[in-house]
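A.B. asks: Dropping a structure here in structure tokens format, bear with me for questions.
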Amino acid sequence: MNVYAEELKKISVEILTLAGVSEKDSTIVADHLVEANLRGRDSHGVFIRLPRIIKGIEKGTIKPRCKVKVINETPAIALLDGGNGIGQVVSMKAIRLAIKKAKKLGIGVVGVRRSSHIGFLGYYTEYAANENMIGIVLTNTEPAMAPTGGAEPVLGTNPISIGIPTRDLPIVIDMATSIVSRGKILKCLQRGEKIKKGWAVDKEGEITEDPKAALEGALLPIAGPKGYCLAFGFDVLTGALVGASVGKDVKGTLRTEEVSTKGDLFIAINPSLFCGFENFLERVEQLKKQVKSCKKARGVSVILLPGEPEMLIREKRIAEGIPVDEDSWKNLMELKSALHERSKRIGNMFNQKRKDFNT
């Protein structure tokens, strides 16, 4: 079955508000999750991530309403305490602050700790690009990836995103330092599908196609040792730099029953204060044309820019709806019903207490 984006967004807002999230923040989170589904990033979309957010709220590890505090600040940088809030809400505050600083100084760097899983990073870097800024976002995650030669998870998938303004749509680079995100492994497990060979190893360090064995083992880095080195560096730039956890001590990004201990880094760069915005755009356009006009390998009909495959999926899903399997849809509806029932019981208890008090 397929579900249209607006319907899925409405359902997501309803579920979040029933869980105690404000309507404003619910809209931010729902828009983010649905956008992930629209771009084919289903591992970061509604059906996988929303139930985990609700679980965190119910366990008390994620605060449905929180106040983001500034720990340290200078004109160019800031360090925020997310108050264990919902990652998407905290992250929008962080990227907006980074942009505000970059508009004045040319660069703004904002670190965040005590914030839950922030979703797909391209959402924030595209936001920055639409504000005529280059956006860069990094985060670290629970251990999921083995270092080169290792047979156990030590590093997270530690992704990076870069958003680049252009004369039309922003170019968005968004990737994990593992060959795939852990969410894609979860998606395969959920659907009863094998994973691709070379994505992961089991707990003995052997290549596996079994998603369950992969989750018990470790993901593999992109480009072998190079991906491992990038993941290590990003752990430092997110966890160590902002005073959050690193490596094996990172918790709560997948298993939301635990408090999240990871860190995030948001960077905005203002091209206008470097070479001038028009000058910058001209060079980006030159690069785009050179890539697009590159001599094609045999059997290749088109060369796509970074982020272009996701936008093609988005165009299709806007028109036809977001595909969802029956079990995932059923689980979402059951979650909504359970929250409605709980809200009703709480309302009845409150009314009874008020009645008893008045009598």
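Please treat every number below as a calculation from the coordinates, not as lab data. Quick caveat: nothing in here was measured; it's all calculated off a predicted structure. Cβ coordinates were reconstructed from backbone atoms using ideal geometry, including for glycine residues, and neighbour counts include every protein chain displayed.
A.B. asks: Give me the net charge for the shell around S272: Cβ to Cβ below 13 angstrom, other residues only, Lys and Arg +1, Asp and Glu -1.
C.D. replies: 0
A.B. asks: Oh, and also: So what is Rg over Rh here for the range 118-202, counting just Cα atoms and using Kirkwood for Rh?
C.D. replies: Radius of gyration relative to Kirkwood radius: 1.08.
A.B. asks: Further, regarding this structure: With 25 Å as the limit, write out which pairs from K67/K330; K187/K344; K63/K194; K55/K344; K288/K316 have Cα-Cα distances beyond it, or answer none.
C.D. replies: Flagged as over cut-off: K67/K330; K187/K344; K63/K194.
A.B. asks: Something else: Please quote Rg/Rh for the range 116-269 to two decimal places, taking the Kirkwood radius as Rh and restricting both calculations to Cα atoms.
C.D. replies: Here Rg/Rh amounts to 1.00.
A.B. asks: Calculate the spin-label point distance for L273 paired with A319, positioning each point 7 Å from the Cα along the beta-carbon direction, and give it in nanometres.
C.D. replies: 4.3
A.B. asks: From the gyration tensor of the Cα coordinates in the range 228-344, what semi-axes in whole Å does the equivalent ellipsoid have, largest first, with each one equal to sqrt(5λ)?
C.D. replies: 37, 29, 17
A.B. asks: Whole-Hz ³J(HN,Hα) for each residue in the range 312-328, computed from phi via Karplus 6.51 cos²θ - 1.76 cosθ + 1.60 with θ = phi - 60°, x for glycine and proline: what do you get?
C.D. replies: So the Karplus estimates, Gly and Pro as x, are 5, 5, 4, 4, 5, 6, 5, 6, 9, x, 8, x, 8, 6, 4, 5, 5 Hz.
A.B. asks: About the Cα centre, and with charges only on the beta carbon of Lys, Arg (+1) and Asp, Glu (-1), how big is the dipole of the chain? Nearest 20 debye, please.
C.D. replies: Details: 54 positive and 42 negative charges, 130 e Å.
So the dipole magnitude of the chain works out to roughly 620 debye.
A.B. asks: Additional query: Which whole number in µm²/s is D for the range 61-125 by Stokes-Einstein, with the Kirkwood Rh taken over Cα pairs at 37 °C and 0.692 mPa s?
C.D. replies: Value of D from the Cα-based Kirkwood radius: 277 µm²/s.
A.B. asks: If the elastic network links every pair of Cα atoms under 10 Å, which of I160, I303, I195 fluctuates the most in the Gaussian network model of the chain?
C.D. replies: I303
A.B. asks: Among all the aspartates and glutamates, which ones have a C-alpha under 13 Å from K69's C-alpha, if same-chain residues fewer than 8 places away are not counted?
C.D. replies: Those aspartates and glutamates meeting the cut-off are D81.
A.B. asks: I would also like to ask the following. Using the alpha-carbon centroid of each, what span in Å lies between the range 233-264 and the range 86-106?
C.D. replies: Value for the Cα centre distance between the two parts: 20 Å.
A.B. asks: So if R0 is 35 Å, what FRET efficiency would K289 and K104 give, r being the distance between their Cβ atoms, rounded to the nearest 0.05? Walk me through the numbers before you get to the answer.
C.D. replies: Details: r = 33 Å, r/R0 = 0.94.
Efficiency for this residue pair is about 0.60.
A.B. asks: Which cross-chain or sequence-distant (5 or more) residues have an amide H under 5 Å from the amide H of R114, H modelled 1.01 Å from N in plane?
C.D. replies: It is G82, by chain and number.
A.B. asks: Report the gain in length on full extension from N2 to V70: 0.36 nm times residue separation, minus Cα-Cα distance, nm rounded to one decimal.
C.D. replies: Result: 20.3 nm gained on full extension.
A.B. asks: Near K295, which aspartates and glutamates are there with a Cα under 19 Å away, not counting those fewer than 8 places off in the same chain?
C.D. replies: Cross-link targets: E285, E308.
A.B. asks: Oh, and also: How much space per residue, in cubic angstrom, does the convex hull of the C-alpha atoms of the chain take up?
C.D. replies: 162
A.B. asks: Moving to a separate point now. Which aspartates and glutamates have a Cα lying under 16 Å from the Cα of K203, excluding residues fewer than 8 positions away in the same chain?
C.D. replies: E152, E216
A.B. asks: Please work out the Kirkwood hydrodynamic radius for the range 187-268, using every pair of different C-alpha atoms, and report it in angstroms with one decimal place.
C.D. replies: Details: mean 1/r = 0.0697 Å⁻¹.
With all distinct Cα pairs of the range 187-268 included, I get 14.4 Å.
A.B. asks: Can you tell me the equivalent ellipsoid semi-axes for the range 3-125? Use √(5λ) from the Cα gyration tensor, largest first, whole Å. Please report the intermediate quantities before stating the final value.
C.D. replies: Numbers: eigenvalues 136, 58, 24 Å².
Over the Cα atoms of the range 3-125, the semi-axes work out to 26, 17, 11 Å.
A.B. asks: Rounded to whole Hz and in sequence order, give me ³J(HN,Hα) for the range 104-110 from the Karplus expression 6.51 cos²θ - 1.76 cosθ + 1.60, θ = phi - 60°, writing x for Gly and Pro.
C.D. replies: With the stated coefficients, the range 104-110 comes to 8, 10, x, 8, x, 10, 10 Hz.
A.B. asks: Right, here's the next one. With θ set to phi - 60° and the Karplus curve 6.51 cos²θ - 1.76 cosθ + 1.60, what are the ³J(HN,Hα) couplings of the range 159-171 in order, to the nearest whole Hz, using x for Gly and Pro?
C.D. replies: With the stated coefficients, the range 159-171 comes to x, 9, 9, 10, x, 10, x, 9, 6, 10, 6, x, 8 Hz.
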